[in-house]
1. Along Cα→Cβ, 7 Å out, is where each label goes; now give me the distance between the ones at Leu13 and Val116 in nm to one decimal.
2. For Thr106, list long-range residues whose amide hydrogen, built 1.01 Å from N in the peptide plane, is under 5 Å from its own amide hydrogen.
3. Could you give the length gained on full extension between Asp135 and Ser38, defined as 0.36 nm per residue of separation minus the Cα-Cα distance, in nm?
4. Full extension from Lys126 to Ala107: what is 0.36 nm times the residue separation minus their Cα-Cα distance, to one decimal in nm?
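Please treat every number below as a calculation from the coordinates, not as lab data. These figures come from a predicted structure and were not determined experimentally. When we count neighbours, we look across all protein chains shown, and the Cβ atoms used for this are built from the backbone with ideal geometry, even at glycine.
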Amino acid sequence: MDADLRGSGLAELAAVSDEVGLTDVVVGRLEFAAAVTSWRDGVDILTAGDVPPNPSPLLSSRSMALLLETAGERYDVVVVDAPAVLTSSDTLEIGRLTDGVVIVATAGRSTRPRLVSAVRALTNVKVRVIGVVFDGVAPGRQRASHDLPPSVLVPVSTSSDEQTYPFGSATTADATATTTAATAATTDAAAPGRSRRTAGRQGDATS
């Protein structure tokens, strides 16, 4: 689901039409089922649709919440592509409607201070951060997580009473615009009758 209405690119990435999408459902022009595109391997896509000059009211509306509820009832997992955390309050609004957030950070562009700021911005409004995806690593420089010493592993979660962010030597933070890809993540078991909704988030503004 492409909710990055300030830099939407899921339609181009997936090579599908963006004539109708999320905004059409939120404003009531289309039913949810009519706006969804069947992609492949059991994955459906809801593109951004016609983007208004100021998308914030749409993303914080009751209609947006209802859209996510509808998607949650129809799918096992719903992944929401959202803007960079530090550049738009839209992500905080969307995050409140999801079960958790995955931050996308990019090698060579993300910095630890920006990632920490992004995590704090989310947790300050009670949005649960469930993990980080680190992309853009040059071929040959990747290391499997089981080969890394514990000091550089990024924690998936921390105590709900006291949030700390011991990121070790990981240099993650200014994630690319959420047009990169839908990032799936495993969350806690969903409440009966709805799927797990995960928002892919970014740590910074650059696209």
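1. Here the answer is 2.8 nm between the modelled labels.
2. Amide H neighbours of Thr106: Asp135, Ala173, Asp174, Ala175, Thr176.
3. This chain segment gains 32.3 nm when fully extended.
4. 4.1 nm
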